[in-house]
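Take a look at the structure set out below.
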Amino acid sequence: MVLAEGLKFSWGSSSDYWQYRKKEFSKGEEITVAELRRICWFEVWGIMDNLRMLTPNTEYEVSLELKMKKEAYGWQDPVQCYFVTPFSELKIDNKNFDTEILKDNEWKRMILGNFTVPSNPTIDEDDMIIFLLRQNEGRWKSGLVVRSLIIRAVDKN
């Protein structure tokens, strides 16, 4: 898991565009989430580079944990999703935030992609999983809250 603090956001260092707030994650445990105040050029990207912990012959799902606040706006246009691993080709997909993440202020997992670690992987120190979400149609948008990037083994049952 990569928490919001470990992800990168367009204009992420400016409190005019993003706020970082402590939120309760589980009983008594707090983590920092990134709340989008307002922005035109939207990008979120992240890298996971500790791939030696992955198990061979295992399929993994990569998802972004996020929610939309009730007052969210500007998400009519699709968000482009780019996803690549050392074990898969570049995947490009469009995500519709307006319908896939309902504006009910509940945490959701948006699946970015899946990959399978081969039986005898050669994992170099420089290998990493990279994702990018971007939407730059010029429309102001607001209300997205990002908690984490999650990489988990897929249960085949």
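What full-extension length gain, to one decimal in nm, is calculated for LEU90 and ILE47 as 0.36 nm per residue of separation minus the Cα-Cα distance? Provide the component values of the computation, followed by the final result.
Numbers: separation 43, 0.36 × 43 = 15.48 nm, distance 1.42 nm.
Full extension from LEU90 to ILE47 adds 14.1 nm.
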Exercise for the section: Averaging sequence separations of C-alpha pairs under 8 Å and six or more residues apart, then dividing by the length of the chain, give the relative contact order as a whole percent. Expected result: 37 percent
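Placing +1 at every Lys and Arg Cβ and -1 at every Asp and Glu Cβ, with all other atoms neutral, what dipole size does the chain have around its Cα centre, in debye to the nearest 20?
Working: 22 positive and 25 negative charges, 134 e Å.
Approximately 640 debye in magnitude.
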Completion exercise
If unit charges are put on Cβ atoms (+1 for Lys and Arg, -1 for Asp and Glu) and the dipole of the range 37-86 is taken about its Cα centre, the option from LEU64, MET48, TYR82 lying farthest towards the positive end turns out to be LEU64
Handout entry: For the range 103-157 and the range 16-50, distance of Cα centres in Å
Key = 14 Å
Fill in the blank from the handout: Rounded to a whole %, the carbon-and-sulfur portion of the accessible area of the chain at a 1.4 Å probe is 45 percent
Exercise for the section: Quickly estimate the mean residue ellipticity at 222 nm for the chain, helices only: each DSSP H run with n ≥ 4 gives -39500 (n - 2.57), and the total goes over all residues, rounded to 500. Expected result: -500 deg cm²/dmol
Problem - Given LYS67/LYS91; LYS8/LYS141; LYS22/LYS156, the pairs whose alpha carbons are separated by over 29 Å - result: LYS22/LYS156
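Could you tell me the convex hull volume per residue, in Å³, taken over the Cα atoms of the chain?
Values: hull volume 20.4 nm³, N = 157.
Cα convex hull per residue, to the nearest whole number: 130 Å³.
The values are calculated or read from the model by the stated rules, or taken from the named source; none is laboratory data. All values reported here derive from a predicted model rather than from experimental measurement. All Cβ positions, glycine included, derive from the backbone under ideal geometry; neighbour counts span all protein chains shown. Heavy atoms of the whole protein, side chains included, go into the accessibility calculation; ligands, DNA and RNA do not. Shrake-Rupley method; radii C 1.70, N 1.55, O 1.52, S 1.80 Å.
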